[in-house]
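To start, the structure under review is shown below, and the notes come after it.
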Amino acid sequence: MLEVPARNPLLKVPARNPLLEVPARNPLLEVPARNPLLEVPARNPLLEVPARNPLLEVPARNPLLEVPARNPLLQITGNDILASCFSNLI
């Protein structure tokens with residue numbers, strides 16, 4: 001006759017299964033008290049308007065717009081007129 005053991009270790013169900021346990025605290029589901037990505041800084045240097053903008057200033061004197069008192073290229077003398085008249089004859 002076959003003897004059947006009173007207790008079979010292969011059929012034993014453990015009282016506690018660690019794979020089925022739910023931890024009391026899940027760090028992946030926790031929301032931090034403070035999120036630095038959502039914080040708005042008190043001062044944003046990119047949005048500040050400077051008191052003085054040198055690009056918008058108009059200089060008191062612009063040398064490119066000044067007309068010289070004497071322009072040698074625009075001065076024509078009587079001798080120049082006579083020379084131009086007789087230059088065709090030569």
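Some points to look at:
- Charging the Cβ of each Asp and Glu at -1 and of each Lys and Arg at +1, and nothing else, the dipole of the chain about its Cα centre rounds to 520 debye.
- Most positive-pole-ward Cα, Pro54, Pro72, Asn26, against dipole of the chain from beta carbon charges: Asn26
- Label selected from (1) 49; (2) 78; (3) 45, the criterion being percent of Cα pairs over 22 Å apart as computed here: (2)
FYI, it's all coordinate maths here, none of it is from the lab. All of these numbers come straight from a predicted model, not from anything done at the bench. Because the Cβ atoms are built from the backbone with ideal geometry, glycine has one as well, and the counts that use them run over all protein chains shown.
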